[in-house]
Amino acid sequence: MVSSRGTFGSGGTFDPFRNDVEDGKGIVEWMRKQSWYTGSFATIGGSYLSFTQWALMIDPPRDMVAAVTTVSVHDPPRAFWDTGFLNLDVVRWAGHVSTQEKPSFTWKSLTRPKLERVIRSVPLAQNVRSYLGDEARWVDRIITTPDVRDSYYAPMRLGKALERIEIPVLIVTGWYDIFLEQSIEQYHRLKERGCPVAMTAGPWSHVRCPLSGKANRAGFDWIDHHLGGRDEVRRNSAVEYFVTGAQKWRRTSTYPPPTASCVFYLGADGKLTNKPTLHEAGFSTFVFDPANPTPTIGGNALLSSGAVNDSALAKRSDVLVFDSDPLHNDLEFCGKVTIQLAHTSSHPPADVFVRVSEVKKSGSSINVTEAYKRLGPERAHDEL
């Protein structure tokens, strides 16, 4: 067990994501000098501790034999700013990190509502700076640096690790994790290179995934096999993923498994059809009020994520809803969902949020997947 620089008694100052490559090398060099070291090691951990593993794998140690990354991120700046707007979860995380060593959980729970009020206020950077003080100065730099290509972010961007690692890697993720997209990217890039990689994707959020018995069993089994020398790994397939609608696990050799395209079209009068409308359908419009922004509920986030009943959102005047006809047969979505959307705004840039939800017989609407982008002239053709 290793505490990151500047946390839980470890010396130095915590400057997240910027010192872990250097610190990882130092830890391995120290470990090799210990009398108890056996000559090989593996790593396991989730969230920030998945990033520290990619930091180690940017220059893979010769004696590292396996890794298990859970709710994994290798490029944090993309998670902060890649939508074109600051992901406010980074401020929430800063609030958590700045209080995680406080002795009282009650103290933290009392301050969380205050932090939410700060997040909803303007100017954001100034108010966050005032609220967190010196305990998380680093978040001020993130808030005020929207360009992920800025040199400040260079030590945080570890995509090269995906091109250098050769050891067996297990990626454990959840459908509602904030880093789901990066976890799936890791799987694809490692598999394309022929790296021994496996993935477990369950019905979990960022917080729940590391607490899942199944997720932990998969990780320790991987380590037991590749480091401990047990002859057979217990998993029956390289990929196992949970189908939320069917409430079943599927096992396959690759992800996504072979699928057929399923295309829907936005039609007139709020219809979602499987054939394009032949006549001019006109426009669907709404008015967005910055003083009463559309709330975020569920989905892929850091804390308040997951599958939720989002029916209340459909009643808002700033939400457009397109309904398909009732499905008479099961329809299983697996793989990447994309949307092609022609749009305009009287006040660009425009924040575009698209969500696919399942409407049950009871009328409740449960989110399945979603995408968000801030689109302006410079990002007009970005993929959602």
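At-a-glance table
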read-out: Residue check, THR244 of a type outside the set (Phe, Trp, Tyr) and touching a Phe, Trp or Tyr at 6+ places or on another chain (Cβ under 8 Å); value: yes
read-out: Qualifying residue in the range 108-118 (condition: without any contact (Cβ under 8 Å) to a residue 12 or more places away in the chain, over 30 Å from ILE167 (Cα atoms), surrounded by fewer than 12 Cβ atoms within 10 Å (Cβ to Cβ) and charged (D, E, K, R)); value: yes
read-out: Failed condition for PHE288, given (1) touching a strand residue (DSSP E or B) at 6+ places or on another chain (Cβ under 7 Å); (2) over 22 Å from TYR187 (Cβ atoms); (3) among the aromatic types (Phe, Trp, Tyr); value: (1)
read-out: In the range 28-80, the residues that are touching an Asp or Glu at 6+ places or on another chain (Cβ under 7 Å) and among the hydrophobic types (A, V, I, L, M, F, W, C); value: PHE41, PHE51, ALA55, VAL71
read-out: Residues located in the range 216-271, provided they are among the acidic types (Asp, Glu) and assigned by TED's automatic domain parsing to the domain that holds SER183; value: ASP221, ASP224, ASP231, GLU232, GLU240
read-out: Identity of the residue in the range 20-55, surrounded by fewer than 19 Cβ atoms within 10 Å (Cβ to Cβ) and of a type in the set (S, T, N, Q), that ends up nearest to ILE223 (Cα to Cα); value: SER40
read-out: Test set (1) out of contact with any Asp or Glu (no Cβ under 6 Å at 6 or more places or on another chain); (2) of a type in the set (D, E, K, R); (3) at pLDDT below 95 - ARG5 fails condition number; value: (1)
read-out: Some residue of the range 137-151 being touching a strand residue (DSSP E or B) at 6+ places or on another chain (Cβ under 7 Å) and modelled with pLDDT of 95 or more; value: no
read-out: Every residue from the range 317-368 that is closer than 23 Å to PHE85 by Cβ and of a type in the set (Lys, Arg); value: LYS336, ARG355
read-out: In the range 138-181, the residues that are within 20 Å of ARG5 (Cβ to Cβ) and either touching a Gly at 6+ places or on another chain (Cβ under 8 Å) or among the acidic types (Asp, Glu) (or both); value: ASP140
read-out: Of all residues in the range 81-103 being over 15 Å from the mean Cα position of the chain (by Cα) and in a loop (DSSP other than H, G, I, E, B), the one that is modelled with the lowest pLDDT; value: PRO103
read-out: Residue selected from the range 305-318 under the condition in contact with a strand residue (DSSP E or B) (Cβ under 9 Å, 6 or more places away or on another chain) and part of a loop (DSSP other than H, G, I, E, B), by the criterion nearest to ARG78 (Cα to Cα); value: SER305
read-out: Residue ID - farthest from ALA67 (Cα to Cα), chosen from residues in the range 35-53 that are aromatic (Phe, Trp, Tyr) and without any contact (Cβ under 8 Å) to a residue 40 or more places away in the chain; value: TRP36
read-out: Residue list for the range 320-359, filter: closer than 27 Å to ARG112 by Cβ and modelled with pLDDT of 90 or more; value: PHE353, ARG355
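Listed here are the residues, each with its yes/no results for (1) more than 29 Å from ASP15 (Cβ to Cβ); (2) among the basic types (Lys, Arg); (3) surrounded by fewer than 14 Cβ atoms within 10 Å (Cβ to Cβ).
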{"residue": "ASP134", "(1), (2), (3)": "no, no, yes"}
{"residue": "VAL139", "(1), (2), (3)": "no, no, no"}
{"residue": "ILE143", "(1), (2), (3)": "no, no, no"}
{"residue": "LYS160", "(1), (2), (3)": "no, yes, yes"}
{"residue": "ILE167", "(1), (2), (3)": "no, no, no"}
{"residue": "ILE184", "(1), (2), (3)": "no, no, no"}
{"residue": "LYS214", "(1), (2), (3)": "yes, yes, no"}
{"residue": "HIS225", "(1), (2), (3)": "yes, no, no"}
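Quick grid of which residues meet (1) of a type outside the set (A, V, I, L, M, F, W, C); (2) assigned to a loop (DSSP other than H, G, I, E, B):
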| position | (1), (2) |
| --- | --- |
| PRO257 | yes, yes |
| ALA260 | no, yes |
| VAL263 | no, yes |
| ASP269 | yes, no |
| VAL287 | no, yes |
| PRO290 | yes, yes |
| THR294 | yes, yes |
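The values are calculated or read from the model by the stated rules, or taken from the named source; none is laboratory data. Treat the numbers as computed from the prediction; the structure is a model and nothing was measured. Cβ atoms come from the backbone with ideal geometry, glycine included; neighbour counts cover every protein chain shown.
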